[in-house]
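The values are calculated or read from the model by the stated rules, or taken from the named source; none is laboratory data. Predicted, not measured: the structure shown is a model, and the values here were computed from it. Cβ coordinates were reconstructed from backbone atoms using ideal geometry, including for glycine residues, and neighbour counts include every protein chain displayed.
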Amino acid sequence: MRDYLHVDLADQNVRRETLAGEQVAKAGRYLIAEQLVACGAAHVDPLSAENPLIFSVGPFAGTNFSNANRISVGCRSPLTGGIKEANAGGSFGFALGQLSIAGLTLNGACKEWTLMRITVEGEVTFSSADDLLGLSNFECAAKLHERFGKKVSLALCGPVGEYGGLLSGISFSDTDLRPSRLAARGGVGAVMGVKRVKAIVVDLHKMPKLHDRKKVIGAVKHYNALLKEDEVAQNMKTYGTAMMADTQNYLGGLPVKNFSSGQLADPEKEVMRMGGEFIREQNLERGGETAHACMPGCTIECSNVYVDKDGKEIVSPMEYETIGLMGTNCGLTDPDELAHVNFAANDLGIDTIEAGAMIAVLMDVGEGQFGDVQFMLNVLEEIKKGTDQGKLWAQGTARVGKHYGAARIPVIKQQAISAYDPRVVEGTGITMMMTAQGADHTAGNLP
């Protein structure tokens, strides 16, 4: 059995619902869709307090089951207007599971900016978050870990979410305490901002009580053994998600310069510098981590820690969707340049898919030049400051493209297309057109 928390933010009251059996298993995207339909979310303003914000984890969260500690976040999307489920790795889902919590729904909005905490004892507390406002994610995380220690996991509304920017996601702690795992898509961070919840801090504890602990542990070992024998899983461990850049470049489905081309390099003649093979070898030579678990228990380890020529960390992770949208789609050819842009985006807590597609549109209409990394950093700085121009750019690819009269705006249902050109990867394209989530490769992806 697990608890589900219904949180009334205005009154700071929490109602606990006990879930058992099938109720615990029907989590994530299923639960989010069910709850949003049941409460009539289709009829509420996405950027109003009436839009519920749902956090949901699976039945094995809190254990060492590989892949089992991801977290789903859902609401009516202010970006698309439809149902949105954005998911992330990190330790936040793990922490909820350890406390035998299946999830929580934030209803209404706080009167003031609030820090919410869930303790080992299960107590939910609310306190002022005024001292955290305006901080970047890494500054905010450092301050919270100084206050609460290292045995906690964080969910953060970044500075862009604070003012309702639709690029904003919700950032979660990774296994090394970086706030760099994002439920990024659909503007879920803007909904957290509307609710004036700056951060949720959850205590880490121990494996939760299980109906048959021995059987679960046996299943974990069996699943890990299967993963070790799986060629795709092992390739992911070797090359990370960046391997998809090589695959898509070969197929001609890699977004390049605002989706105007599908290849950055001729695969018959050269190794692509923005691909998994090159990035792995360079990162290994420099002393970086080419296999890194984004969440506790995961043995696939398809994340990474990317370092510079002196062995100093630039960013973690640098993954395929970011390579495709903030990298090749913006005309970048050097992974070092992308790494710095990637870190800046993580520090703001924004969707690198949406942000990369938006910046490429700006480049395509002549506001910047493809390949100009300084222009990209300047755009992100304006978004961080929340200037008039920055707030416009923070509204996403569709709205920015319309504002500038762009001829090519790569969106479906007002959400930026991910790093699989649907004109080439047709199965994914059909999914993007048919799903209520818009251009979301996680709704069904065929590479």
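Is it true that some residue in region 415-425 is outside any loop (DSSP other than H, G, I, E, B), modelled with pLDDT under 95 and over 28 Å from Y163 (Cβ atoms)? No, there is no match, as no residue in region 415-425 is outside any loop (DSSP other than H, G, I, E, B), modelled with pLDDT under 95 and over 28 Å from Y163 (Cβ atoms). For V202, only one of the following conditions fails: (1) closer than 25 Å to T322 by Cα; (2) under 26 Å from the mean Cα position of the chain (by Cα). What is its number? Condition (1) is where V202 drops out. For region 273-299, which positions are at pLDDT 95 or above, among the aliphatic types (A, V, I, L, M) and either surrounded by 20 or more Cβ atoms within 10 Å (Cβ to Cβ) or assigned by TED's automatic domain parsing to the domain that holds P179 (or both)? Listed by number, the residues that qualify are M274, I279.
Okay, residues lined up against (1) touching a helix residue (DSSP H, G or I) at 6+ places or on another chain (Cβ under 8 Å); (2) outside the structural domain of H340 (by TED's automatic domain parsing); (3) over 17 Å from S261 (Cβ atoms); (4) at pLDDT below 95:
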| site | (1), (2), (3), (4) |
| --- | --- |
| I353 | yes, no, yes, no |
| V365 | yes, no, yes, no |
| Q369 | yes, no, no, no |
| E382 | yes, no, yes, no |
| W393 | yes, no, yes, no |
| I409 | yes, no, no, no |
| M432 | yes, yes, yes, yes |
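Taking region 328-351 as the range and being out of contact with any helix residue (DSSP H, G or I) (no Cβ under 6 Å at 6 or more places or on another chain) and part of a helix (DSSP H, G or I) as the test, the residues that pass are T328, D336, A339, H340, F343, N346. Return yes when Y250 is among the aromatic types (F, W, Y) and part of a helix (DSSP H, G or I) and no when it is not. In short, yes.
Each row is one residue, and each column tells you yes or no for (1) surrounded by fewer than 23 Cβ atoms within 10 Å (Cβ to Cβ); (2) more than 25 Å from R408 (Cα to Cα).
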residue: M318; (1), (2): no, yes
residue: I323; (1), (2): no, no
residue: D351; (1), (2): no, no
residue: A357; (1), (2): no, no
residue: A360; (1), (2): no, no
residue: E367; (1), (2): yes, no
residue: D372; (1), (2): yes, no
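Does G161 meet the test of being surrounded by 24 or more Cβ atoms within 10 Å (Cβ to Cβ) and more than 28 Å from E289 (Cβ to Cβ)? For G161, the condition - surrounded by 24 or more Cβ atoms within 10 Å (Cβ to Cβ) and more than 28 Å from E289 (Cβ to Cβ) - is met.
Residues that are more than 24 Å from L226 (Cβ to Cβ) and charged (D, E, K, R) within region 290-330 comprise D308, K309, D310, K312, E313, E321, listed in sequence order. Looking at the structure I just gave you, is D421 charged (D, E, K, R), over 27 Å from A141 (Cβ atoms) and buried (at least 23 other Cβ atoms within 10 Å of the Cβ)? So D421 fits the description; yes. The residues listed here are L177, L182, L156; of these, the one that is at pLDDT 95 or above, in a loop (DSSP other than H, G, I, E, B), outside the structural domain of A293 (by TED's automatic domain parsing) and within 20 Å of S72 (Cα to Cα) is L177.
Exactly one residue out of K111, K84 is crowded, with 17+ Cβ neighbours inside 10 Å, assigned by TED's automatic domain parsing to the domain that holds V14 and not polar (S, T, N, Q), and it is K84. The residues in region 399-424 that are touching a Leu at 6+ places or on another chain (Cβ under 8 Å) and either in contact (Cβ under 8 Å) with a residue 24 or more places away in the chain or under 29 Å from L251 (Cα atoms) (or both) can be counted, and the count is 10.
One residue alone among S72, S66, S56 is part of a loop (DSSP other than H, G, I, E, B) and either on the phi < 0 side of the Ramachandran plot or buried (at least 23 other Cβ atoms within 10 Å of the Cβ) (or both), and that residue is S66. Among the residues examined, E162 does not qualify as among the acidic types (D, E) and over 28 Å from E319 (Cα atoms).
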